[in-house]
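Sharing a structure here in structure tokens format.
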Amino acid sequence: MYDTAILIGRFEPVHHGHLALLRQALESAPQAIVIMGSAWQARSPKNPFAWTERQAMLLDALPAAERARVTVLPVRDHYNEARWVAAVRQAVAQHTAPGARIGLVGHFKDASSSYLRAFPGWQLIAAERQGSIDATAIRDAYFGAADAQDVPRALQPLAGQMPASTLDFLQRFAADPAYAALQQEWRMLRDYRAAWAAAPYPPVFVTVDAVLRCQDQVLLIRRAHAPGKGQLAVPGGFLEQRETVWQSCLRELQEETHCALPEERMRAALREATVFDHPDRSQRGRTITHAHYFDLGADAFPAVRADDDAAEVLWMPIERLAGLEDAFFEDHFHMLDHFLDITGQSA
């Protein structure tokens, strides 16, 4: 018997497999803590629901007596396992007594389950997989509906795999304008992957990004196209065949923002270049980016205007970034956090 049993997941959305694991946690300890991953992410086809919406789906599926024994803790995606593990441990420590006996409920379904080995000192409570259903299949059926009115039909073959709280939420959410936007993104990503399906091996894309700081503000764009249409991002794009990553970075910055500082000034302002290569950082496929961090200090703001893939270009005070986490495309908030220490946890 444990004092606390931990269940880690994204629950996008909640299905009966999740509930079976949660009930195993409740059978193993008087208290269950659910680590709700991908918290504060911008909505996307992979992470369509806010953590509070997923929390409600999960708790509403439980009887009151079980619900009272469950604590849900949101944890952001750090795209860095060491930082993520530390954040999970810190969150759990704030809700458990020193020396508590902690068990971790889970099963190894694929490579994404490797996190279960990342918590020495927590004993694994091994669980069998509950059927073949997973959240990806539910999302594909949901966004594959013809329109909001078609959602009940699209979900009908999978309805028996979800609690009523999930089905009710999905049908209500389909009336939200966010659903139609997510459908468009889902279709774009489906077609994008299909275009590469005949490649002899899975493609690895290489991109560049430019983090440009001036007078304690950072240059951002608002994306004009899917994926991430309308979301904030740092200027960047794909490496071209005859470019170095440095050349590509300067080109993308100029194309998207018309920032035309001389190369010599950009070299003088360069403070760091870092590779961001987490396998899950992009929904388009494996994408490795080379991010360049420039600091212009107290110089005058260079003239900028939106163009190419940018619907808007703006200088954003760094002090405002912490409150905009859920407005950023993919891992761009975490990229900025690495260079600017927005959360105070980037070390």
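The values are calculated or read from the model by the stated rules, or taken from the named source; none is laboratory data. This one's a predicted model, so the numbers in the text were calculated from it and none came from an experiment. We place every Cβ from the backbone using ideal geometry, glycine too, and count neighbours over all the protein chains shown. Heads up: the accessible areas ignore ligands, DNA and RNA and are worked out on the full protein's heavy atoms, side chains in. Shrake-Rupley method; radii C 1.70, N 1.55, O 1.52, S 1.80 Å.
Check residue 345 against each of (1) buried (at least 16 other Cβ atoms within 10 Å of the Cβ); (2) out of contact with any Cys (no Cβ under 8 Å at 6 or more places or on another chain) and name the one condition it does not meet.
For residue 345, the exception is condition (1).
Matching residues to (1) at pLDDT 95 or above; (2) open to solvent by 70 Å² or more (accessible area, probe 1.4 Å); (3) assigned to a loop (DSSP other than H, G, I, E, B):
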| site | (1), (2), (3) |
| --- | --- |
| 211 | yes, no, no |
| 237 | yes, no, no |
| 242 | yes, yes, yes |
| 261 | yes, no, yes |
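May I ask you to say which residue of 193, 139 is open to solvent by 70 Å² or more (accessible area, probe 1.4 Å) and either closer than 30 Å to residue 248 by Cα or in contact (Cβ under 8 Å) with a residue 12 or more places away in the chain (or both)? Walk me through it before giving the result.
On the way: 139 fails: open to solvent by 70 Å² or more (accessible area, probe 1.4 Å).
Going through 193, 139 in turn, the sole match is 193.
Something else now. Run residue 282 past the list (1) out of contact with any Gly (no Cβ under 9 Å at 6 or more places or on another chain); (2) open to solvent by 20 Å² or more (accessible area, probe 1.4 Å); (3) within 25 Å of residue 49 (Cα to Cα) and report the number of the one that doesn't hold.
(2)
Please specify each residue of the stretch 69-100 satisfying the condition of being over 18 Å from residue 2 (Cβ atoms) and either in contact with an Asp or Glu (Cβ under 8 Å, 6 or more places away or on another chain) or open to solvent by 80 Å² or more (accessible area, probe 1.4 Å) (or both).
76, 77, 79, 81, 84, 90
Just need a number here: residues in the stretch 169-191 that are under 19 Å from the mean Cα position of the chain (by Cα), of a type outside the set (Lys, Arg) and farther than 21 Å from residue 55 by Cα. Before you say what the answer is, go through the steps one by one.
To start, the set of residues in the stretch 169-191 that are under 19 Å from the mean Cα position of the chain (by Cα) comprises 178-179, 181-190.
Now drop any that are not of a type outside the set (Lys, Arg), which leaves 178-179, 181-186, 188-189.
Checking the rest, the ones that are also farther than 21 Å from residue 55 by Cα come to 181, 183-186, 188-189.
Qualifying residue count for the region: 7.
How many of the residues making up the stretch 12-30 are of a type in the set (Asp, Glu) and touching a residue at least 24 places away in the same chain (Cβ under 8 Å)?
1
Considering only residues that are of a type outside the set (S, T, N, Q) and either surrounded by fewer than 16 Cβ atoms within 10 Å (Cβ to Cβ) or part of a helix (DSSP H, G or I) (or both), which ones fall in the stretch 244-259?
The first filter runs over the stretch 244-259 and keeps only residues of a type outside the set (S, T, N, Q), leaving 245-246, 249-253, 255-256, 258-259.
Result: 245, 246, 249, 250, 251, 252, 253, 255, 256.
Checking the structure you have, find out if any residue of the stretch 315-333 is in contact with a Phe, Trp or Tyr (Cβ under 7 Å, 6 or more places away or on another chain), open to solvent by 10 Å² or more (accessible area, probe 1.4 Å) and part of a strand (DSSP E or B). I'd like the intermediate steps shown before the answer.
Within the stretch 315-333, the first condition is being in contact with a Phe, Trp or Tyr (Cβ under 7 Å, 6 or more places away or on another chain), and the residues that meet it are 315, 325-326, 331.
Then drop every residue that is not open to solvent by 10 Å² or more (accessible area, probe 1.4 Å), which leaves 315, 325-326.
Pick out the ones that are also part of a strand (DSSP E or B) and you get 315.
Yes, the conditions are met somewhere in the stretch 315-333.
Out of the stretch 31-68, which residues are of a type outside the set (A, V, I, L, M, F, W, C), in contact with a strand residue (DSSP E or B) (Cβ under 8 Å, 6 or more places away or on another chain), open to solvent by 30 Å² or more (accessible area, probe 1.4 Å) and touching a residue at least 24 places away in the same chain (Cβ under 8 Å)?
31
Restricting to the stretch 84-120, name every residue that is at pLDDT below 90 and of a type outside the set (Ser, Thr, Tyr).
The initial filter retains those residues of the stretch 84-120 that are at pLDDT below 90, namely 106-118.
Correct list: 106, 107, 108, 109, 110, 111, 116, 117, 118.
From the list 158, 167, 124, pick out the single residue that is touching a residue at least 24 places away in the same chain (Cβ under 8 Å), surrounded by 12 or more Cβ atoms within 10 Å (Cβ to Cβ) and of a type in the set (A, V, I, L, M, F, W, C).
Numbers: 167 fails: touching a residue at least 24 places away in the same chain (Cβ under 8 Å); 124 fails: touching a residue at least 24 places away in the same chain (Cβ under 8 Å).
Of the residues listed, the single one that is touching a residue at least 24 places away in the same chain (Cβ under 8 Å), surrounded by 12 or more Cβ atoms within 10 Å (Cβ to Cβ) and of a type in the set (A, V, I, L, M, F, W, C) is 158.
Are any residues in the stretch 230-248 under 24 Å from the mean Cα position of the chain (by Cα) and either free of Cβ contacts under 8 Å to residues at least 60 places away in the same chain or under 17 Å from residue 290 (Cα atoms) (or both), and if so, which ones?
Looking only at the stretch 230-248, we keep the residues that are under 24 Å from the mean Cα position of the chain (by Cα), and these are 230-239.
233, 234, 235, 236, 237, 238, 239 - these are the residues of the stretch 230-248 that are under 24 Å from the mean Cα position of the chain (by Cα) and either free of Cβ contacts under 8 Å to residues at least 60 places away in the same chain or under 17 Å from residue 290 (Cα atoms) (or both).
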